[in-house]
Amino acid sequence: MSRPAAGDTGVSTLGLVIHPSRPVGESVATILGWARTHSVRVVGRDQDRDRIGQGIETVPDHRFVAQVDGVVALGGDGTMLGAMRLVVERPVPVLGVNHGNLGFLVEITPDTLDRALARMVDGDFTVESHSCLVTDCSGGPPLRTGTGFNDIVLAQQRRTGTVSVDLGVNDEQYGYYRCDALVVATPSGSTAYNYAAGGPVVSPSARTMVITPVAPMAGIGRSVVLGTGDRVSLRIAPDSRPVDVDVDGTPSAELGPGRVLTVCLREDAGQVVRFSTSRYTRRSQIKLSLLDLPMRRDQLLGLFPEHLRPPTTGPAPERENPW
C-alpha cells in the first residue's frame, strides 16, 4: 500500500466504467451531481452512452485512457478488472463501487460514494498496486484480450479432454504438461482457480506468477513459481487438439497445435484505491477462510464487524465507522 505521490494526488477528470446490465443509475446520478458542485469533469466510454444517459460526455476508449486521471468502476470485481485492463498502459487509480455480490477488488458501496469521491479527489487514499500477466501468441491471429490481472487458463474446448503443453522459460525447455487445464496466475489470482487446483496462495506483495496444472496425468505435476524477469512460453503440443485460452475468465483465443503462447509478469500495472486497509484485510481473511484455510471459531468471529457477531452480555457495541 502506498499513498499517491506528492503533487499527483488530485483528480480533475474522472472516468466512468459501468457494468453492462446491473442498475447503476443512482450511482451515476450521484457522481454527476457531485462533479458539478466540485468542478470535476466526468467522462464515460462511447460504448456505454445509452446506459450512462444525459449529462456525461462519452469518448472513444483511446481518448478515455489519455484524459482520465482517476476511474470509478460501477459493478463488481469483473467490472474492476475490465477498468484496470482498459488503463493498463497508463495506470491511474481505480475505485470500485460494489453493485453486485461480495467483491475483493471493489472498495465501497453506493451509499458511501459521495464521501469516497471527496477523498479521492483530495488525494486522501492509498494505492494498492497489482501485477498483471501480459500475453502474446505466434503463428496465427492475436488474442482478443492480452492482459490478465487474475489468471490465464488453457483448457480443451468445452472442457472435454486434456491439454498437452510444452513449458519453456527464457528460451530454455523445462518439460511438458498433460492435464485437464493449465493455470497461470498472478498473486491476486492465486486464491481462485490456481488454489482450487492445489496451487499455493501467493502474497499480493510478491512479484511472482505461478503455473499450476489441473488434474495432471503426465509431465510436470506441481506448481512452478516464477518472477518478473522470466518469460514463459507455452507451446501447444503437435498431438493436442485445439486449446481455448481464457484471460480473467473471458474467452480470448483458440490455439491449435504448434502455436506458442508467451506470458510475462508486469509489475505495478494496476492501481486500486483503498480507504481502509483493515477492511480489505478482513475481506481477504474471509475469502481465505471460505477456501478452507483452517481457522478457529474465535478467529472467524473476529473477521466480522462487532454488530454482526452473536449477541453477548453488556451494552451493544457501536458500529465500525470506516471513514
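The values are calculated or read from the model by the stated rules, or taken from the named source; none is laboratory data. Remember, it's a predicted structure, so these values are computed and weren't measured experimentally. Counting neighbours? That spans all protein chains shown, and the Cβs are built from the backbone with ideal geometry, glycine included.
Within region 193-246, which residues are among the aliphatic types (A, V, I, L, M), assigned to a loop (DSSP other than H, G, I, E, B) and either in contact with a helix residue (DSSP H, G or I) (Cβ under 6 Å, 6 or more places away or on another chain) or surrounded by 21 or more Cβ atoms within 10 Å (Cβ to Cβ) (or both)?
Step one: list which residues in region 193-246 are among the aliphatic types (A, V, I, L, M), which gives 196-197, 201-202, 206, 209-211, 214-215, 217-218, 220, 224-226, 232, 234, 236-237, 243, 245.
Right, trim to assigned to a loop (DSSP other than H, G, I, E, B) and you get 197, 201-202, 206, 215, 217, 220, 237.
Result: VAL201, VAL202.
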Fill in: Members of region 101-119 found to be over 28 Å from SER190 (Cβ atoms) and not small (Gly, Ala, Ser), listed by number
PRO110, ASP111, THR112, LEU113, ASP114, ARG115, LEU117, ARG119
Item to complete: Please find, among PRO93, PRO141, PRO110, the residue that is more than 24 Å from VAL68 (Cβ to Cβ) and of a type outside the set (D, E, K, R).
Response: PRO141
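So that you can scan it fast, the table gives a plain yes or no per residue for (1) assigned by TED's automatic domain parsing to the domain that holds MET217; (2) surrounded by fewer than 23 Cβ atoms within 10 Å (Cβ to Cβ); (3) in a strand (DSSP E or B):
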site: VAL97; (1), (2), (3): no, no, yes
site: GLY100; (1), (2), (3): no, yes, no
site: PHE104; (1), (2), (3): no, yes, no
site: LEU113; (1), (2), (3): no, yes, no
site: VAL153; (1), (2), (3): yes, no, yes
site: ASP166; (1), (2), (3): yes, yes, yes
site: ARG178; (1), (2), (3): yes, yes, yes
Discussion item. The conditions are (1) at pLDDT below 70; (2) part of a strand (DSSP E or B); (3) among the aliphatic types (A, V, I, L, M), and VAL273 fails exactly one of them. Which is it?
Written reply: (1)
